[in-house]
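> For reference, the structure I am asking about is given below.
The values are calculated or read from the model by the stated rules, or taken from the named source; none is laboratory data. Quick caveat: nothing in here was measured; it's all calculated off a predicted structure. Every residue, glycine among them, receives a Cβ derived from its backbone with ideal geometry; neighbour counts consider all protein chains shown. Surface accessibility is based on the protein's heavy atoms, side chains included, excluding ligands, DNA and RNA. Shrake-Rupley method; radii C 1.70, N 1.55, O 1.52, S 1.80 Å.
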Amino acid sequence: MTKETLVKLSAELETCGKALLKIAEALRSEEKAPAPESPKKEPAPRTLTLEEVRKVAADKSRQGFTEEVRNLIHHYGADKLSSLDTAQYEAFLKDLEVMGHAG
């Protein structure tokens, strides 16, 4: 290698070394200042539909719990399933799901 080539290579190595030092310094400063945590987004609660609730109620009726389903609807203050308040769907559905389980 010629002396000129060595000088050019040494200059490139020096430039590369300075770049590496800048990167190392940036990484060190990031370690000192913790990155702000992004807020975890909770999935929006899914809203139950009358059709979903009706499907479970009909299934329980087919299993022989027709009277219990009717009583549960009355317990929630409605004469029929379609007049049940939508805010009560989740609790009503939970009560339906445990219907027929022993204990």
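> Which residue, Leu48, Leu13, Leu81, has the most motion in a Gaussian network model of the chain that connects Cα atoms within less than 10 Å?
Largest GNM mean-square fluctuation: Leu13.
> On average over all directions, what projected area in square nanometres does the chain have, based on the convex hull of its Cα atoms?
So the Cα hull casts an average projection of 15.9 nm².
> If you don't mind, there's one more thing I want to ask. Any idea what the dipole of the stretch 44-103 comes to, in debye rounded to 20, about its Cα centre with Lys/Arg Cβ at +1 and Asp/Glu Cβ at -1?
With Lys and Arg at +1 and Asp and Glu at -1, about 120 debye.
> To the nearest 20 debye, what charge dipole does the chain have about its Cα centre, counting +1 at the Cβ of each Lys and Arg and -1 at the Cβ of each Asp and Glu?
320
> Right, next: Enter the accessible area of Glu67 (Å², nearest 10), with the probe set to 1.4 Å and all protein chains included.
About 100 Å², ignoring ligands and nucleic acids.
> Taking the Cα centre of the chain as the origin and placing charges on Cβ (Lys, Arg +1; Asp, Glu -1), which of Leu81, Leu13, Thr2 is farthest toward the positive end of the dipole?
Highest projection toward the positive end goes to Thr2.
> Rounded to the nearest 500 deg cm²/dmol, what is the calculated helix-only ellipticity per residue at 222 nm for the chain, with -39500 (n - 2.57) per DSSP H run of length n ≥ 4?
The helix-only estimate for the chain comes to -19500 deg cm²/dmol at 222 nm.
> Right, another one. Give, as a single signed number, the net charge of other residues whose beta carbon lies under 11 Å from the beta carbon of Lys80, with Lys and Arg counted +1 and Asp and Glu -1.
So the environment of Lys80 carries a net charge of +1.
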